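Down below is the structure, laid out as structure tokens.
The values are calculated or read from the model by the stated rules, or taken from the named source; none is laboratory data. This one's a predicted model, so the numbers in the text were calculated from it and none came from an experiment. FYI the Cβ positions are ideal-geometry reconstructions off the backbone, even for glycines, and counts take in every protein chain you see. Note: accessible area is taken over every heavy atom of the protein model, side chains too, but ligands, DNA and RNA are not part of it. Shrake-Rupley method; radii C 1.70, N 1.55, O 1.52, S 1.80 Å.
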Amino acid sequence: MKLTDFKALTFDCYGTLIDWESGMVAGLGPLTARVSGLTRDQILETHARHESEQQAQTPWKLYPEILSIVYKRIAEEWGVPASWAECQVYGDSVKNWPAFPDSAEALHYLKQHYKLVILSNVDNGSFAASNAKLEVEFDAIYTAQDIGSYKPRDNNFDYMLHHLKTMGIEAGDVLHTAESLFHDHVPCRRNGLANCWIYRRHDQDGFGATMNPGDMPEVDFKFTSMAALVEAHKAELSG
């Protein structure tokens with residue numbers, strides 16, 4: 001199997017192209033300032049647990065609503081005050097989350113060789129703000145708002161594959177490219193898709209802002225950055 005075998009790259013955005021962990025930690029700053037002794041990973045792991053639970057319980061809610069509730073639940077768990085207005089500020093913070101330094105340049109290169117598609121657990125408004133940082137026009141964008149559920153549900157992948165087929169892209173043409181094992185790689189393997197792991201957390205322990213996936217899923221390609229993916233593609237072309 002080679003990178004050049006595929007027609008489309010389908011991306012998770014947050015954690016893969018957008019540095020959501022840095023964005024989360026910054027956005028939770030007013031809350032974590034009231035609690036002593038927390039490590040970065042403790043903050044992210046608490047967030048992951050509450051976010052995953054809330055997405056499963058209320059899949060119809062938009063991502064800013066999910067984040068607002070997550071902020072409230074974390075405040076309650078840690079026993080610190082937080083007004084609903086403060087929770088909503090965090091809910092709207094996705095627009096402030098930074099892109100990884102290599103994302104935009106890598107996407108510009110890959111756009112010359114593939115259809116580029118987003119499959120993301122956010123709403124359309126939040127993604128539009130992130131897309132401006134990525135500086136590329138995606139060929140299709142499928143969000144939790146469009147689908148009515150959140151990954152890792154199979155429904156999200158079914159929706160994407162159904163709509164890609166109308167564009168002439170079959171499942172075998174797709175390389176799903178993502179950081180999160182829990183949200184993306186486990187369900188994409190379950191749905192028979194080839195996958196590329198952008199292992200952004202390669203130099204850190206644990207799973208950060210994503211849940212533990214359990215058994216390690218198989219991965220077809222593994223890189224520590226988007227820049228490394230681009231270099232591997234260039235090497236295939238020159239070889």
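Overview of values
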| read-out | value |
| --- | --- |
| Selection from P64, I43, Q54 lying farthest towards where the dipole of region 1-80 points positive, charges on Cβ | P64 |
| Length gained when the stretch D215-H163 is fully extended (0.36 nm per residue, less Cα-Cα span) | 15.7 nm |
| V174, V35, reordered so the largest accessible area comes first (probe 1.4 Å) | V35, V174 |
| Overall form of the chain per C-alpha gyration tensor (a/c, 1.5; a/b vs b/c) | prolate |
| Per-residue ³J(HN,Hα) for region 52-68, Karplus 6.51 cos²θ - 1.76 cosθ + 1.60, θ = phi - 60°, Hz, x for Gly and Pro | 4, 4, 5, 5, 6, 7, 10, x, 7, 6, 6, 4, x, 5, 4, 5, 4 |
| Computed E for E170/W84 - FRET, C-beta separation, R0 41 angstrom, nearest 0.05 | 0.35 |
| Region 163-218: GluC sites (Glu not before Pro) falling in loop per DSSP and having at most 15 other Cβ within 10 Å | E170, E218 |
| Derived scalar couplings ³J(HN,Hα) [region 134-151; Karplus, 6.51 cos²θ - 1.76 cosθ + 1.60; whole Hz; x for Gly, Pro] | 7, 6, 9, 9, 6, 6, 7, 9, 10, 10, 4, 5, 5, 8, x, 7, 10, 4 |
| Average projection area in nm² (convex hull over Cα atoms of region 1-71, one quarter of hull surface) | 6.9 |
| More than 13 angstrom apart: percent of Cα pairs within region 102-142 | 51 |
| Semi-axis lengths (Å, descending) of the ellipsoid that matches the C-alpha gyration tensor of region 160-216 | 26, 11, 9 |
| Global geometry of region 105-239, whether rounded, prolate or oblate, following the gyration tensor of its Cα atoms and the 1.5 cut on a/c | rounded |
| Given K61/K222; K2/K151; K72/K95, the pairs whose alpha carbons are separated by over 28 Å | K61/K222 |
| Distance (nanometres) between label positions extended 7 Å along Cα→Cβ at E135 and Q204 | 2.4 |
| Within a Gaussian network of the chain (alpha carbon springs, distance under 10 Å), most fluctuating of A171, A106, A132 | A132 |
| For region 1-143, the Rg and Dmax computed from alpha carbons only, in angstrom | 16.7, 53 |
| C-alpha center-to-center spacing [region 1-20, region 140-217] in angstrom | 9 |
| Area of I169 that stays accessible when all protein chains are in place (1.4 Å probe, Å², to 10) | 10 |
| Anisotropy class of region 93-175 from Cα gyration tensor, a/c 1.5 cut | oblate |
| Net dipole in debye of the chain [+1 Lys, Arg Cβ; -1 Asp, Glu Cβ; about Cα centre; nearest 20] | 160 |
| Region 32-86: radius of gyration and largest Cα-Cα distance (Dmax), Å | 11.4, 35 |
| Two-site label geometry, W60 and D92: point separation in nm, points 7 Å out along Cα→Cβ | 2.5 |
| Counting DSSP beta bridges with both ends in the chain, the antiparallel % (nearest 5) | 5 |
